[in-house]
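I have placed the structure first, in the form of structure tokens, so that the comments after it can refer back to it.
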Amino acid sequence: MRLFNTLFKFAGIVVLIIILISLIIFLLFKFQGKGIIEKSLSKTLGFPIKIEKIDFNLDKGKVNFQGFHVLNKKPFSSDLLDAESCTIIFNRDIFSQKRRFIIKELIIDKGIFNIERNKNGKFNIAYNNFLNDISVDISLAYADEFKGINFYKLATQLGKITIKNSLVNFRDSYISSPPYKINFRKLNFNLIADKQQNNYIPLKCEFNFYIVNGYYNDSQVSLEADIVAFKDHSDIKGILRTGQVDLMQFLPYFQRVTPFLFQRGLFSSITNFNLDGDIINSTTEMLFHKLKITVNPDKQNAQFLETSVTKLLPYLTSSSGDVLFDFVVSGPLSNPKAQLGPQVKQAITMAVIQEIGNIIQQFQQLQK
């Protein structure tokens, strides 16, 4: 489930930003100097941080960073994050009384996130590899959670995260050479925590963005999810939608494992998923538009596959020429299992019945 893993990695970026900003506030009061803050913060975290301007308003419980940059280390090239503006709203009463910094809201506006995977398969957002031994005299937004996203600990201190009008650039040197590139624009993200219950905290997560297509209009991706965060795990129920995604843009990720040769196609999809801890159950319906494929003649059993697909396609094709395909994914996130969905199974059954009928008809004609 690369998609879900990537989403969690992106959520890790957001948590990283909270950690960075929390440390900045602590250093701001300790050192009172932007240059010293950048140097101390970079040394603590192990990679360079640049801040153009800091505006601090204790009366309003608000801090604004104009020009906030998280730089990558070699072998990665682009900055991990370049944000025009980062604003945080914090609990000023607790800060004044106890010098504890509790973030109520984080807003990132016009950010550029650069996600990279190098030729060894390592992501630049695997930040837990270099964030070590952070120790400060102030309560951060639970900066010790590096092994995964602990929504419960995050939600106890943070009420809302908003990302507006942002971009995501993805560069993958592991899957192809030269590196595979894809861009996402108009990223809008909201994570809102509700009031804490007896032993859990409910949260709502929403995001949407557009994939920049090469030959078609930009396609949209959106997610709506309800999260029930317990202390030791989180249960997530959501819907992931895609619309008019260019299939050819993702060809490097599936061409080597599929028996088909893809020439063109778009797809739209709806995925309903439940994530109980690390166990996922999901159903996906995909609708392929303008699809043009052939069977790879070099693959084993190519002739049999071509015959089977030819007989099956009429039961999966609509009057407009769109092709339906559905599947089910279940099991642990580390090793999920995929199965054909009910509609494909029904189509296979109908095709088999039709084929049996043809055989019986031929046999009856031979008896005459």
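The values are calculated or read from the model by the stated rules, or taken from the named source; none is laboratory data. Everything numeric in this text was worked out from a predicted model, so none of it was measured. Ideal geometry is used to build each Cβ from the backbone, glycine not excepted, and the neighbour counts take in all protein chains shown.
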- Top-ranked residue in the range 192-212 [being of a type in the set (A, V, I, L, M, F, W, C) and within 14 Å of the chain's Cα centre (by Cα); ranked as farthest from E224 (Cα to Cα)]: I211
- Restricting attention to the range 340-349, does a residue exist that is in a strand (DSSP E or B) and either surrounded by 15 or more Cβ atoms within 10 Å (Cβ to Cβ) or not β-branched (V, I, T) (or both)? yes
- Query: Would a scan of the range 249-260 turn up a residue that is within 18 Å of the chain's Cα centre (by Cα), over 27 Å from K186 (Cα atoms) and among the charged types (D, E, K, R)?
  - Reply: no
- Query: Hey, does the range 122-138 have a residue that's of a type outside the set (A, V, I, L, M, F, W, C), buried (at least 17 other Cβ atoms within 10 Å of the Cβ) and either touching a Leu at 6+ places or on another chain (Cβ under 7 Å) or modelled with pLDDT under 70 (or both)?
  - Reply: yes
- Within the range 202-237, count every residue that is touching a helix residue (DSSP H, G or I) at 6+ places or on another chain (Cβ under 6 Å) and small (G, A, S). 2
- Task: Select the strands (runs of 3 or more DSSP E) contained entirely in the range 209-316, then report the ones holding at least 2 residues which are aromatic (F, W, Y), buried (at least 16 other Cβ atoms within 10 Å of the Cβ) and without any contact (Cβ under 8 Å) to a residue 40 or more places away in the chain.
- Result: 260-276
- Number of positions in the range 166-180 that are out of contact with any helix residue (DSSP H, G or I) (no Cβ under 7 Å at 6 or more places or on another chain) and surrounded by 14 or more Cβ atoms within 10 Å (Cβ to Cβ): 10
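Taking the options D278, D298, name whichever one is closer than 30 Å to K231 by Cα and modelled with pLDDT under 85.
Among D278, D298, only D278 is closer than 30 Å to K231 by Cα and modelled with pLDDT under 85.
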- Collect the residues in the range 198-232 that are of a type in the set (G, A, S) and either more than 22 Å from V245 (Cα to Cα) or at pLDDT 85 or above (or both), keeping them in residue-number order. S219, S222, A225, A229
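If you go through the range 87-99 one residue at a time, do you hit one that is more than 23 Å from F189 (Cβ to Cβ) and hydroxyl-bearing (S, T, Y)? Lay out the reasoning, then the answer.
Within the range 87-99, the subset more than 23 Å from F189 (Cβ to Cβ) is 92-99.
The next check asks that each one be hydroxyl-bearing (S, T, Y); those that pass are 96.
Among the residues of the range 87-99, at least one is more than 23 Å from F189 (Cβ to Cβ) and hydroxyl-bearing (S, T, Y), which makes the answer yes.
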- Note on the structure: Within the range 58-105, residues closer than 30 Å to P179 by Cβ, among the polar types (S, T, N, Q) and out of contact with any Lys or Arg (no Cβ under 9 Å at 6 or more places or on another chain) come out as N72
- Residue by residue through the range 50-91, note down the ones that are of a type outside the set (D, E), surrounded by fewer than 17 Cβ atoms within 10 Å (Cβ to Cβ) and out of contact with any strand residue (DSSP E or B) (no Cβ under 7 Å at 6 or more places or on another chain). N57, L58, K60, K73, K74, P75, S77
